Each structure stands twice: as C-alpha cells, then as structure tokens.
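**Student:** Sharing a structure below in structure tokens format, with a few things to ask.
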Amino acid sequence: MSRRPRHSSSGAAAAIRVGMAACPPGPSSHGFTAIELLLATAIAVTVVAVSVPLTVDATDRVRTGMAARYLATRIMDARMQAIRRSTRVALRFEPVGKDYRFAEYLDGNGDGVRSTDIAARVDPELVPRQVLRDQFPHTAFGLMPGIPDIDGSRSSAFGDGVRIGTSRILTLGPDGTATSGTLYVHGRRAQYAIRILGATGRTRLLQFDQGARQWLAR
C-alpha cells in the first residue's frame, strides 16, 4: 500500500512567511509613511515661518514701549526732584547723529538750566548722559516716515523725535510745571510718543496703531 507524501511543518511555516512578505502593510499597520512625514514637516515649517515674524514684531512693540515708559518715568522723577529741591531740574537732549542722548541737570544759579551754564559747570549734572538704545536695543528718538505726528502733520522722511523747543531742554519747575512738548520714540516698526503737559508737568504715553492708523493712549 502506497503512502501519500506529507508536507513538513517547517515547509508550511516557510510558505506563510513568504505570503506575509508579499502582502503590503494594511491601514492598521503602525508607523508613518514617507508622505505622512513630509506632510507633517511641511506643516511645521509653515507654522514656524508664520510665527517668527509675529514674535519679532511683538518683541519690538514691547521693547519700544519699555523705552518710552522709561523716558516718561525719567521725566516724572525730574519733576519730583524739582519740587523736592525747590529749584528747576531739566533733561537736556543732545543730537548724536540721527539720534539723541540725554542727561539730567540741576539749576545751579537760579536762572534756569542753560547750555552755557552746563558748559561752565554752573548747572551740575545729576544723572549721566545716556542713549536709549544702550538699554533698549533697536530704539531711538524719531518719527518714522509716513506716520503723522500727534498734531496731524505727516512726512515722507524720518522726523525729529525731540520737539521741546530749539534749545531741546525739558525743564521741570518747583511749582510742578514743565516745558510743553512731545518726544517720539520708535523701534524697528513700533512708534510711541510721550506728550508733556506744561501746566501740570505730567506726561501722556501714546502708541501709533498701524492698523487703525491713529494714536492711542497707553
């Protein structure tokens, strides 16, 4: 009696392995395909490209705002010094290229803080000269092209940022009054203004809203 040949278990296992290798992974397979990885990478690159300019603009606004608030604080401190000392205290702004540096002086002879008295050291220096960009990088005095000043005048070139008279000396009196005027501070894109009210010696901080195209109180 003849016997039919048997297939060994090892042969069957080999056939199963071959069949599995021939079939591509189905939808339930784990991991990512090359297309999915490329899509995820493209989305990540797009998000970064959009967020970086926004972050740079936000940083510029914050830094310029800090510079403007620092300047307003310096003015208010000089006002308090004048009241406490019962004499005039002034901030003098000196041109440095297209920017300005400023220092604080005390009226030493009762005739007001004057450039000649500063040169003769009759009016002593209370706070050393400084430039805004040394503490707040990429900031400077000035009004950027195309932005109107608070009074509505517009220029196609950079405007002067120190508008407190020809002497550019902002004087705070012992009675709380001050020299009227406006100081403009800008960053790379942000624009701020510090308005000094002469009758009270107080300041107003404003920011130019690029979207609304107008000055807003801050």
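The values are calculated or read from the model by the stated rules, or taken from the named source; none is laboratory data. Every value quoted in this text rests on a predicted model; they were computed, and no experiment measured them. Virtual Cβ from ideal backbone geometry, glycine too; neighbours counted across all protein chains shown.
**Student:** Give the residue that is farthest from the chain's Cα centre (by Cα), with candidates limited to residues of the stretch 164-202 that are among the hydroxyl-bearing types (Ser, Thr, Tyr), in a loop (DSSP other than H, G, I, E, B) and closer than 22 Å to Ser115 by Cβ. Steps first, please.
**Tutor:** Narrowing the stretch 164-202 to residues among the hydroxyl-bearing types (Ser, Thr, Tyr): 166-167, 171, 177, 179-180, 182, 184, 192, 200.
From what's left, in a loop (DSSP other than H, G, I, E, B): 166-167, 177, 179-180, 200.
Narrowing the set further to residues that are closer than 22 Å to Ser115 by Cβ leaves 166-167, 177, 179-180.
Values: Thr166: 29, Ser167: 29, Thr177: 30, Thr179: 27, Ser180: 26 Å.
This residue is Thr177.
**Student:** If you don't mind, another one. Report yes if Phe158 is out of contact with any Ser or Thr (no Cβ under 6 Å at 6 or more places or on another chain), at pLDDT 95 or above and either under 29 Å from Asp57 (Cα atoms) or not small (Gly, Ala, Ser) (or both), otherwise no.
**Tutor:** no
**Student:** Another question, then. Looking only at the stretch 168-182, count how many residues are over 13 Å from Ala78 (Cβ atoms) and surrounded by 17 or more Cβ atoms within 10 Å (Cβ to Cβ).
**Tutor:** 2
**Student:** For the stretch 158-174, which residues satisfy the criterion of being within 26 Å of Gly108 (Cα to Cα) and free of Cβ contacts under 8 Å to residues at least 40 places away in the same chain?
**Tutor:** Across the stretch 158-174, the qualifying residues are Arg163, Gly165, Thr166.
**Student:** What strands (runs of 3 or more DSSP E) completely inside the stretch 64-157 contain at least 3 residues that are free of Cβ contacts under 8 Å to residues at least 40 places away in the same chain? Please lay out each step first, then the result.
**Tutor:** Details: elements: 89-96, 99-106, 125-130.
Where strands (runs of 3 or more DSSP E) fall fully within the stretch 64-157 and carry at least 3 residues being free of Cβ contacts under 8 Å to residues at least 40 places away in the same chain, they are 99-106, 125-130.
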